[in-house]
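Quick notes on the structure that follows.
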Amino acid sequence: TVDNAITQAREGAFDAKRDSKTRLRYLPLVALADYSDVGENLKSLLAPDQEADLQNAALDILAKFESPEIGDFLVQSWPGFSPGIRSRAIEILLSRTPWALSTLGAVEAGKISRGELGPIRVKTLLSHSESKVSERANQILGGAAEEARAAVIARYAASLDDKGDPAAGREVFARACAACHQLDGMGNAIGPRLMGIGNIGREAILQNVLDPNRDVKAEYLNYSLVTNSGETHSGMIQAESTNSVTLRRLDGTASEILRVDIASLSGLGISFMPVGLEHQIDVTAMTDLLAYLVALD
């Protein structure tokens, strides 16, 4: 019977003694159960010490239920989600109105950054078909922090003129950017690749430099990881596999930590790239930097 099949699936999917392939085979049938019967078990599979395949499968099943508390749970668990899990989780969070409202509340509270939503999702929320979502989005997604960054960018408008000395801009890059970016034979390949960045235009480059948290991708967020032995690691998640997570530090070194050794994994909601480069790069230097970046092939 269906009930027997569901019972067998629950036993197989949530038995930690079984191998992951076996558990993954049972998990799809769990979606036929009542959420009240399997919700807590599915939540447990999203812990950072669980294999990535099990985490993703649990997310896909949670997305099939309608309980409002799922949105609250995903928001509360957000700091411990790796970039890969966040990418799937944010799509789920925005798929139902109550969950979208939970997400907006998390953005307002600083638990999820606007940058993690990305410009497309922000626009989707601002023009949401449900008025209670669009109204809430308009209240939250234009806060003081964004306005402050916009004011900084406005002060640098003169740097967008088609001027500047590319040679001087190369020196600015070496001084202010090369610690995290590799370009033109300089620097460390920690942040995004910059070859061809000139194609996005001076204005977009300026915004990325002065407001790095606005549209940051999940893979370039800062994370804090604590092991079961109490050791703390921080940095950008360079790689993640079924069984491990690798963190890259600002100094270019990296640590691979097994998932079974992870006590907690917490995304800090900010870009690996620091805010405040206007204190290191004045308008003249920014003009030169932009001239250098757009001149590169």
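Just one of the listed residues (ARG10, ARG23) is touching a residue at least 12 places away in the same chain (Cβ under 8 Å), open to solvent by 50 Å² or more (accessible area, probe 1.4 Å) and not hydroxyl-bearing (Ser, Thr, Tyr), and it is ARG10.
Set side by side, the residues HIS233, HIS181 differ, and just one is over 19 Å from ALA295 (Cα atoms) and in contact with a strand residue (DSSP E or B) (Cβ under 7 Å, 6 or more places away or on another chain), which is HIS233.
Of all residue pairs spaced 6 or more apart or on separate chains, those with beta-carbon atoms under 8 Å, a first member in the range 47-64 that is touching a residue at least 60 places away in the same chain (Cβ under 8 Å) and a second member that is in a helix (DSSP H, G or I) and of a type in the set (Ser, Thr, Tyr) are GLN50/SER44; GLU51/SER20; ASP53/SER20. Answer yes or no as to whether ARG202 is open to solvent by 50 Å² or more (accessible area, probe 1.4 Å) and basic (Lys, Arg). It is false that ARG202 is open to solvent by 50 Å² or more (accessible area, probe 1.4 Å) and basic (Lys, Arg). Pairs linking a residue in the range 76-95 that is within 23 Å of LEU247 (Cα to Cα) and open to solvent by 30 Å² or more (accessible area, probe 1.4 Å) to a residue that is part of a helix (DSSP H, G or I) and not charged (D, E, K, R), with Cβ atoms under 7 Å and 6 or more positions apart or on different chains, are GLY84/ALA52; SER87/ALA218; ARG88/ASN56; ARG88/LEU59. Quick one: is GLY267 touching a Cys at 6+ places or on another chain (Cβ under 9 Å), of a type outside the set (Lys, Arg) and crowded, with 16+ Cβ neighbours inside 10 Å? No, not satisfied.
The values are calculated or read from the model by the stated rules, or taken from the named source; none is laboratory data. It should be emphasised that the depicted structure is a prediction, and the values quoted were computed from it without experimental measurement. With ideal geometry, Cβ positions are generated from the backbone for all residues, glycine too; neighbour counts draw on all protein chains shown. Side chains are part of the model used for accessible areas, which takes the heavy atoms of the whole protein and leaves out ligands, DNA and RNA. Shrake-Rupley method; radii C 1.70, N 1.55, O 1.52, S 1.80 Å.
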